[in-house]
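One structure below.
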Amino acid sequence: MKYIRVKWNHMNPDEPVWLFSELDADGREVRKIECFKNGFCDFASPNDSSGATKLHTGPLPDISKIAGDPEFEPSEISQEEFEDVWVKRKYKSTE
């Protein structure tokens, strides 16, 4: 598995500013978290989702390609960092 975090630089309050993805060997999303400026996070997994968050249907572009768009600041993160956000989003989504 591979884990990425993407900061999305924009001014639309209705869109997330942080995107976290767990990717399989083919680059397809297995789990995803989208966090908004107010701290609220939506999520998606194969069996569940919240808000408008859905798993991408195909492989995501390579992180270097994502970085080529000035709106996005991607970085690879550890499994532990992803899991920490995954667990915390449960509490933020239910508050």
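The values are calculated or read from the model by the stated rules, or taken from the named source; none is laboratory data. Keep in mind it's a predicted model, so treat the numbers as computed, not measured. FYI the Cβ positions are ideal-geometry reconstructions off the backbone, even for glycines, and counts take in every protein chain you see. Protein only, heavy atoms only, side chains kept; ligands, DNA and RNA dropped before computing areas. Shrake-Rupley method; radii C 1.70, N 1.55, O 1.52, S 1.80 Å.
Length gain on complete extension for the stretch residue 62 to residue 83, per 0.36 nm per residue less the alpha carbon to alpha carbon distance? Walk me through the intermediate numbers first.
Working: separation 21, 0.36 × 21 = 7.56 nm, distance 2.15 nm.
Fully extending the segment from residue 62 to residue 83 adds 5.4 nm.
So how do 65, 7 rank on accessible area, 1.4 Å probe, biggest first, that is with the largest at the start?
Working: 65 150, 7 75 Å².
Descending accessible area places them as 65, 7.
For the chain, the tally of Lys pairs with Cα-Cα distances below 20 Å comes to 22, considering only residues 8 or more apart or on different chains.
Only the Cβ atoms of Lys and Arg (+1) and of Asp and Glu (-1) were treated as charged; on that basis the dipole of the chain about its Cα centre amounts to roughly 180 debye.
If each residue of separation counts as 0.36 nm, what is the full-extension length gain between residue 10 and residue 47 once their alpha-carbon separation is subtracted?
10.4 nm
Descending by average beta-carbon neighbour count within 10 Å, the peptides 49-57, 33-41 line up as 33-41, 49-57, the highest first. Size of the chain from its Cα atoms: along the principal axes, largest to smallest, the extents are 36, 30, 24 Å.
The packing ranking, built from the mean of other Cβ atoms within 10 Å per residue, places the peptides 66-74, 18-26 in the order 18-26, 66-74, highest first. When the Cα positions of 16, 59, 72 are compared along the charge dipole of the chain, 16 comes out farthest toward the positive end, with charges on each C-beta of Lys, Arg, Asp and Glu.
Structural descriptor for the chain: relative contact order 29 percent, calculated from alpha carbon pairs under 8 angstrom and at least 6 residues apart.
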